1. Could you say which residue among A133, A116 is small (G, A, S) and part of a strand (DSSP E or B)?
2. Given the structure, is H163 at pLDDT 95 or above, under 23 Å from G15 (Cα atoms) and surrounded by fewer than 22 Cβ atoms within 10 Å (Cβ to Cβ)?
3. Mind checking which residues of the range 311-351 are among the aliphatic types (A, V, I, L, M), closer than 21 Å to H221 by Cα and surrounded by fewer than 16 Cβ atoms within 10 Å (Cβ to Cβ)?
4. Of the conditions (1) touching a strand residue (DSSP E or B) at 6+ places or on another chain (Cβ under 7 Å); (2) under 16 Å from D138 (Cα atoms), Q311 fails just one. Which one is it?
5. Assess whether I169 counts as being crowded, with 17+ Cβ neighbours inside 10 Å, assigned by TED's automatic domain parsing to the domain that holds L146 and over 22 Å from T292 (Cα atoms).
6. Name the single residue that is modelled with the lowest pLDDT among those in the range 188-216 being under 27 Å from V368 (Cβ atoms) and under 19 Å from the mean Cα position of the chain (by Cα).
7. Here are the criteria: (1) part of a helix (DSSP H, G or I); (2) under 21 Å from K98 (Cβ atoms). Tell me which single one D3 does not satisfy.
Amino acid sequence: MFDKVLVLSASAGSGHLSAAEALKSAFEMRQAARVVRHIDALEYTNKLFRRVYSKTYIDLVNNAPEVLGWLYDHLDKPWKNEKRRLAFDKLNTRPFVKMLEAEQPDIVVCTHFLPAEIISWLKYKNRLDCRLAIVVTDFDVHAMWLCQHFDHYFVALEETRVHLSELGIPSDKITVTGIPINPLFAEHKDRQAMRRQHGLREDRITFLVSAGGFGVGPIEHLLAALAKLKTPAQVVAICGRSDELKTRLEKSVRTLPSGGAVDFKIIGFTRQMDEWMTAADLIVGKPGGLTTSEALAKGLVFVIVNPIPGQEERNSDHLLEWGAAIRVNNLPAMAYKIDQLLGDTERFEAMRDKARALGRAEAAFTIVDTLVGFQSRSSAG
């Protein structure tokens with residue numbers, strides 16, 4: 001058992017935070033630490049730096065995704081910009097460093113590269129004596145995840161393990177686990193029971209749209225495109241914490257032609273995403289690392305729309321290569337493309353089977369168990 005565990009994320013997108021919360025829950029459920037805390041590293045930086053890391057990221061996602069894609073490719077040069085980036089980050093994270101030195105954790109588990117980079121430097125300077133585990137929260141690994149002074153990497157794919165190894169990371173310091181998701185996704189729940197519980201029809205193909213995370217373009221256009229499906233279906237749109245978006249979408253779907261084959265259900269913030277995913281057959285939207293991992297854990301076929309250039313484009317490539325997704329590049333053709341898929345029952349079921357086979361619902365527990373195993377062997381030695 002660990003005395004104190006810090007799980008560190010950064011609020012640049014919700015995926016890093018969700019992965020950290022999943023790990024915190026897994027540590028608690030395994031009773032693997034006396035104290036476990038999840039801390040957003042950006043809360044310990046200055047206001048301008050915090051804006052650059054969080055709000056600017058969201059602004060680029062919504063308004064200039066092509067710039068984000070250019071930055072992703074431009075900065076993906078292993079071991080090239082490390083010193084310059086570290087100097088900039090050190091200048092803006094002094095409160096974060098003070099917090100770490102005051103906390104003195106046994107182990108830090110990072111779901112974002114910013115805190116991992118700072119801790120690697122502190123370990124090098126002998127200012128922090130703790131283990132550093134780095135959990136990569138996308139299917140591919142970007143150069144910004146690379147650190148010199150660490151104890152272990154956890155990655156989503158064997159391909160990513162090979163990539164890191166080729167970049168000089170020792171193979172015995174990399175474990176393939178999948179991306180950590182809420183432990184609730186590991187619980188078996190019946191699809192039809194979940195549909196009854198949430199007021200859905202049991203006999204309809206069911207789509208899930210995470211509207212709050214769609215980001216690029218008006219979500220109304222996406223729902224209008226789904227309304228043209230000929231296959232009888234129901235669409236659940238999850239709006240997150242935005243009451244304005246929920247009101248807007250409710251108004252939007254009332255203007256769609258009545259008597260069609262598609263019913264819509266607009267949902268606000270929910271803590272039951274595992275149940276909504278259990279009830280669904282397909283998920284429509286952008287393939288972020290966490291969303292994709294959750295969907296695969298529930299065996300959902302992915303309909304990819306507007307992936308963010310960079311990491312989501314690469315996640316898309318993997319889903320398509322595995323045969324667990326289709327990609328829609330033009331919304332006017334969406335209904336046609338989905339109807340074609342659903343009309344080919346053998347192909348659709350094969351895609352569902354592939355998604356189920358790729359799911360790693362136990363990833364958070366696997367990471368915690370692996371770290372506890374390292375701790376036990378170290379204590380015994």
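The values are calculated or read from the model by the stated rules, or taken from the named source; none is laboratory data. The structure presented is a predicted model; accordingly, all values stated were derived computationally and were not measured. Neighbour counts are summed over all protein chains in view; Cβ atoms, including those assigned to glycine, are modelled from backbone coordinates with ideal geometry.
1. A133
2. Yes, satisfied.
3. A333, the sole residue that qualifies.
4. If we test Q311 against (1) touching a strand residue (DSSP E or B) at 6+ places or on another chain (Cβ under 7 Å); (2) under 16 Å from D138 (Cα atoms), just (1) comes out false.
5. Criteria met by I169.
6. G213
7. For D3, the failing item is (1).
Matching residues to (1) over 18 Å from the mean Cα position of the chain (by Cα); (2) outside the structural domain of G240 (by TED's automatic domain parsing); (3) part of a helix (DSSP H, G or I); (4) not small (G, A, S):
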residue	(1), (2), (3), (4)
S18	no, yes, yes, no
R34	yes, yes, no, yes
I39	no, yes, no, yes
I58	no, yes, yes, yes
N62	no, yes, yes, yes
W70	yes, yes, yes, yes
D73	yes, yes, yes, yes
K77	yes, yes, no, yes
